[in-house]
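Novice: Below is a structure I'd like to ask you about.
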Amino acid sequence: MRGVRIGSQPEIVDQEDVIDTDCQANVETTVDGQVWMIDCQDNLYFRYGITEQLLVGERWVFVDSNVQWVAANGQGELWAVKNDDELYVRTGITVNNPLGHSWKYVFSYIS
């Protein structure tokens, strides 16, 4: 299986070389069937291509690193704890752009 690393220059790499799931991976599913996963190295991935005809999707897409936790709500928002206990919400998530485009800082748990 292959994945796509998103960055300034997308790179197609073998999934086994990218996603470390030898630990308890954090997986979050949304009400509309989207799947997000954090691997053992705190890398966040999105499962691209999930449809009613292809329930397993097409590939994992790398979204960001240094993500410790994610949660989705019924309004299509994705929340994440990153960078040593800072809370972020993913912006720009739409039906046509399920990955969104950036993180919006909310606050830090560390005072």
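Since every read-out is calculated from the coordinates, none of them should be taken as a lab result. What you see is a predicted model; the values in this text were computed from it and never measured. For neighbour counting, all protein chains shown are included, and Cβ atoms are generated from backbone atoms with ideal geometry for every residue, glycine included.
Novice: Give the long-range amide H neighbours of Trp69: residues separated by 5 or more places, or on another chain, with amide H under 5 Å away, using H modelled in the peptide plane at 1.01 Å from N.
Specialist: Answer set, sorted by chain and number: Val81.
Novice: Which of the peptides 76-89, 95-108, 33-46, 53-66 is most tightly packed, and how do the rest follow, going by the mean number of other Cβ atoms within 10 Å of each residue?
Specialist: 33-46, 76-89, 53-66, 95-108
Novice: Where Lys and Arg each count +1 and Asp and Glu each count -1, what net charge lies around Glu86 among other residues with Cβ under 15 Å from its Cβ?
Specialist: Once positives and negatives cancel, what remains is -1.
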